[in-house]
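Quick notes on the structure that follows.
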Amino acid sequence: MDTQNRDKVIRFLKTITRPDLPIDRISDDDGLIKSGLIDSLAMLEIIDFLESEFGIDFSETGIDPVELESIHKILDLIERRAK
Amino acid sequence: MSAPSQGTESVRALRTNEKYAQMTPRSLYQSVAQFHENPQLLAFSITPKGNLVLWATVLVVLGLTPYLSPVPLPYLPLFPLLILAQQFPARRIEMMGFGVGGLFLFHRLVQLHVTHLFWFVLDAALVVGMLYIFFTIAQSFARLPRLVRNNPQIFLHLLLWCGILVLAGLPAGFREDPSWVIASNLSVCCLFFAFLIWRIGFMLYSGKRGSIQKTGFVDHLIYCLPYLGSTQVPYGKGLDYLLPKLAESRLDLAKAQLAGVKLLLLAYLWRIILLVLDVAFFGTFGTHGQIVDVPSPLCLRLYHIDGLIDLSTQHMPTMAIVWASLIVDMVYETMQLAIIGHVIIGCLRLFGFNVFRNTYKPLLSTSLINFWNRYYYYFKELLVDFFFFPTYLSFFKHRPRLRIFAATMASAFLGNFYYHLLQHFDGFIESGEALSFVKFYSYFFYSFVLGIGIFISILREQNQRGKPVVASSPGRTFWVTLRKIAGVWLFFSMLRIWDHPGSAFMQDTTFFFAIWGIHF
């Protein structure tokens with residue numbers, strides 16, 4: 001998995017996660033919402049980030065929230081769909 | 001051997017006593033409330049004896065659901081299916097598809113008075129056939145014309161509206177007229193289509209994502225023929241959401257089952273609390289039409305919202321009674337919804353689907369968006385999947401606030417309104433109820449205000465996100481939280497004025513102004 005992408009994603013997630021729950025307390029496979037790290041609204045910001053940073057266009061395929069469930073799944077999505 | 005064993009027992013007992021002695025009321029509450037995560041209990045539940053206790057509990061709890069008003073269905077028929085699902089986990093999906101789907105068709109067709117065996121079988125076959133056609137369409141999604149591929153949900157709803165228009169052209173009461181027997185049975189198909197449209201929508205999404213290729217038709221029956229949760233809202237969404245939540249190992253299944261039992265027990269607890277509210281505030285006692293009045297010195301004599309607004313046209317009760325009625329009725333309705341959701345999700349968990357609750361502590365929400373997320377989770381998800389995201393992804397990409405505003409209004413306002421409009425057509429197709437849009441003026445306003453409220457709440461939450469938490473005394477934090485919760489209660493208590501079974505816009509609005517002392 002691309003470590004550069006991972007760093008970018010982690011850096012971004014740090015800006016939207018709860019300040020009292022550091023991101024390094026969860027593993028790449030843990031659910032971001034389930035762990036309480038983000039709320040469902042933060043999903044929107046993740047979408048904005050993926051659109052602007054990696055040029056992913058969701059308008060054709062729609063959104064499957066399962067694809068944004070964990071760091072691992074987000075990185076997987078970037079690998080498949082980044083332009 | 002006995003002496004050391006007794007010694008070990010005493011040490012263990014001593015340790016247990018010490019452990020309980022050290023427990024604070026909060027940790028004791030936590031351990032009771034989270035009993036489904038207790039490792040010892042989990043280990044016990046997969047032993048033969050523990051499993052017997054689990055199923056005996058489930059049997060009793062499901063057997064009593066007819067007394068669990070407002071739960072609309074008897075859930076005991078699911079019991080044999082649940083046992084089979086545990087015994088043959090690899091075939092769970094098929095068993096649920098055939099079993100739960102069969103129960104749903106039987107229940108719904110009997111409800112629609114389709115009692116003649118020939119028509120019963122034919123109607124069931126038509127409904128399954130219709131679903132199969134949509135499954136085939138979803139499977140060949142990539143080969144659909146581009147226009148349909150880009151707007152599958154719009155085409156799906158256009159198809160339904162064509163059916164509704166055809167039915168609207170038929171003579172009134174045709175369903176009871178024997179000379180219209182074929183049209184009457186075809187209308188059953190249209191009724192099922194209207195009822196299942198959001199579920200079929202999820203099936204089309206699976207087609208769009210390509211995930212449907214890995215599934216069979218029967219797999220989709222678990223949500224398309226929904227005995228669990230017989231409303232238009234798909235509790236547990238579609239197969240794409242459900243499958244990753246399916247417990248694979250025996251221990252995961254046990255965890256899901258205990259979590260399911262917990263929800264079912266919670267439903268009974270809320271029912272008991274509702275009975276207390278009935279007696280203490282509304283002066284009634286009983287369920288299912290057998291309701292008796294409680295003598296007035298024992299209760300506050302508050303009103304449910306319909307009764308309150310009706311009464312206000314003759315004489316307005318005191319403001320204290322009006323405000324108390326609005327707030328207690330909002331709490332009452334929230335708990336009713338929690339009961340229904342807990343039973344449905346509880347059963348899904350017993351089958352091994354570790355899915356989110358439908359209602360999760362909404363009365364402790366500190367913002368409108370938070371309440372909306374926790375109050376009726378699967379309805380909110382429906383609006384998000386079918387209205388919010390499609391709008392969010394298609395419009396105003398470079399204007400973030402406008403983008404959120406458009407998506408929020410598309411879901412909480414227009415989508416919400418449209419969902420209820422379709423429900424109304426259900427009544428028209430099912431029982432030939434006259435189409436009347438009077439109550440929809442009220443609901444239109446309700447959805448509009450809800451949309452605006454949620455948009456503002458989203459902006460406020462986004463502004464707060466990522467900011468460091470400002471340290472303050474526990475007392476101040478408590479009061480700030482309490483004030484926020486009160487604000488949420490007040491907003492939704494007042495908004496319900498425009499959302500009740502007997503809604504009429506002018507009457508509701510006049511009542512709203514009257515409670516602020518403005519009469520016209």
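The values are calculated or read from the model by the stated rules, or taken from the named source; none is laboratory data. Here the structure is a predicted model, which is why all the values come from computation and not from measurement. Note: ideal-geometry Cβ built from the backbone for every residue, glycine included; neighbour counts use all protein chains shown. Protein only, heavy atoms only, side chains kept; ligands, DNA and RNA dropped before computing areas. Shrake-Rupley method; radii C 1.70, N 1.55, O 1.52, S 1.80 Å.
Matching residues to (1) part of a loop (DSSP other than H, G, I, E, B); (2) farther than 22 Å from B:Phe387 by Cα; (3) facing another protein chain (nearest Cβ under 9 Å):
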| site | (1), (2), (3) |
| --- | --- |
| A:Leu32 | yes, yes, no |
| A:Asp48 | no, no, yes |
| A:Val66 | no, no, yes |
| A:Arg80 | no, yes, no |
_Restricting to segment B:132-148, and then to whatever is buried (at least 16 other Cβ atoms within 10 Å of the Cβ) and in contact with a Lys or Arg (Cβ under 9 Å, 6 or more places away or on another chain), can you tell me which residue is farthest from B:Thr231 (Cα to Cα)?_
B:Phe141
*Inside segment A:50-64, can you point out the residues that are of a type in the set (Phe, Trp, Tyr) and either more than 7 Å from every other protein chain (Cβ to nearest Cβ) or open to solvent by 50 Å² or more (accessible area, probe 1.4 Å) (or both)?*
A:Phe54
*Within the group B:Tyr378, B:Tyr392, which residue is closer than 29 Å to B:Thr481 by Cβ and either out of contact with any helix residue (DSSP H, G or I) (no Cβ under 7 Å at 6 or more places or on another chain) or open to solvent by less than 40 Å² (accessible area, probe 1.4 Å) (or both)?*
B:Tyr378
*Do any residues in segment B:145-167 that are closer than 17 Å to B:Phe202 by Cβ have Cβ atoms under 8 Å from those of residues that are not in a helix (DSSP H, G or I), where the two are at least six apart or on different chains, and which pairs are they?*
B:Pro152/B:Leu144
*asked:* For the structure I just gave you, tell me whether A:Phe54 is under 26 Å from B:Ser457 (Cβ atoms), aromatic (Phe, Trp, Tyr) and touching a residue at least 12 places away in the same chain (Cβ under 8 Å).
replied: no
*Considering segment B:463-493 alone, what residues qualify as being aliphatic (A, V, I, L, M), touching a Leu at 6+ places or on another chain (Cβ under 7 Å) and over 27 Å from A:Pro22 (Cα atoms)?*
B:Val488
*Residue count for segment B:207-220, restricted to those that are open to solvent by 10 Å² or more (accessible area, probe 1.4 Å) and in contact with a Gly (Cβ under 8 Å, 6 or more places away or on another chain)*: 4
*Any helices (runs of 4 or more DSSP H) falling wholly within segment B:39-107 and containing at least 3 residues that are over 26 Å from B:Gly238 (Cα atoms)*: B:39-45, B:48-63
_Odd one out for B:Lys361, checked against (1) within 12 Å of chain A (Cβ to nearest Cβ); (2) free of Cβ contacts under 8 Å to residues at least 24 places away in the same chain; (3) not acidic (Asp, Glu)_ = (1)
